[in-house]
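Written below as structure tokens is the structure these notes are about.
The values are calculated or read from the model by the stated rules, or taken from the named source; none is laboratory data. Quick caveat, the model's predicted, so the values are computed rather than measured. Cβ sites come from the backbone with ideal geometry, for glycine too, and all protein chains shown count toward neighbours. For accessibility, only protein heavy atoms count, side chains too; no ligands or nucleic acids. Shrake-Rupley method; radii C 1.70, N 1.55, O 1.52, S 1.80 Å.
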Amino acid sequence: MKLKVLLLSALFTILAILTSSCKDEASDLSQTSVFTESEYVRYQIDSLNISLFPDQFDPTRGWKQWFKKIAAIAVIDAVGAIMGTYYSSSPAIGAGVAIVASAVATFIPANNIGFLAPTRTGSENSLIIGSLSPMNPSDISLVNLVPEDEFGSGPQLADSIGYYHNLILLDINNIIDSIGHTSMEAIIDSISERISIYYDIQVSEVQQAIENQDSLISFILTNRNLLNSDIGNEHIFSILGTQFPTHAQNFSIMQSFFTGLNNLNVQGNDATYLRYTLNMIHSSNLSSSMKQQLSNAFIVGNASYQLWCIEE
């Protein structure tokens, strides 16, 4: 379903009234509770979804038939961005962890995850034959990925996290296709080197952050089949919240974001929905760390949605 210009223009007014009203009511309550504020942000995004997709909105329904093929990848990419950003405030770390999460979720078998061992022993001989899951061409997967800043400050470094997420995965996939095989260690090194160049950060710092995400990688491998089944948004994020309770509030908000993303057509996605939801995050009273984690997750999730090919 494409976003219609007239509908979105009218929605600005609706959301302005809604936000003002809700903020007035919220001002009478304690805003020191992150949980209370996270509920409010999720309510905003749910309201946006209902306004945009009144005939299709159901937060408990399963993924669309075509979308469920990439739902797990997009969600896991976004989770990787949150976990990486939680580990380090650098957007480069969030990008690196999200890209590795993509590789694991789309192709790499469990016996190729030797890099999780501190010494990486044996990973040199674990070859990956073939390539990652099918990807959309660059004229789809590399457009409308850097959100416009409506507050006039211009794009920030973190805003490019989705663009480089897709660019690096496309590049690595082309390399695998050209030589016919690679290893997990080679993929990690390639990701780290590219992140180092794009974000001016030490390669070793990116590598260390990736290797510290063993719990996320194990979760992906253990739950890959479940996450790819049509079990519905609520159940997927419930599993994530139980497995990683530290991030449960972030996952609750992410659930509403992906419920909306589920209704967009890839070629009609001009990042308007992303921009609206990011504005809700930035104008909220969430902590600065939660704002950054969610922003990175939304940007990466939107980019991942554009990257993976979902044609029958």
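Can you tell me how many residues within region 273-312 are assigned to a helix (DSSP H, G or I) and either open to solvent by less than 10 Å² (accessible area, probe 1.4 Å) or of a type in the set (A, V, I, L, M, F, W, C) (or both)?
Number satisfying all stated conditions: 21.
Kindly indicate the residue of region 160-200 that is of a type in the set (Gly, Ala, Ser) and in a helix (DSSP H, G or I) and also most open to solvent (accessible area, probe 1.4 Å) among those meeting that condition.
The residue in question is 178.
Looking only at residues that are of a type in the set (Val, Ile, Thr) and at pLDDT below 90 in region 35-78, which one is farthest from residue 284 (Cα to Cα)?
So the residue we want is 70.
If you go through region 258-268, how many residues are open to solvent by less than 10 Å² (accessible area, probe 1.4 Å) and either modelled with pLDDT of 95 or more or more than 15 Å from the chain's Cα centre (by Cα) (or both)?
2
Which number in (1) assigned to a helix (DSSP H, G or I); (2) at pLDDT below 85; (3) surrounded by fewer than 18 Cβ atoms within 10 Å (Cβ to Cβ) marks the one condition that residue 242 misses?
That leaves (2) as the condition not met.
Name the residue that is farthest from residue 244 (Cα to Cα), counting only residues in region 202-222 that are open to solvent by less than 20 Å² (accessible area, probe 1.4 Å) and in contact (Cβ under 8 Å) with a residue 60 or more places away in the chain.
Result: 206.
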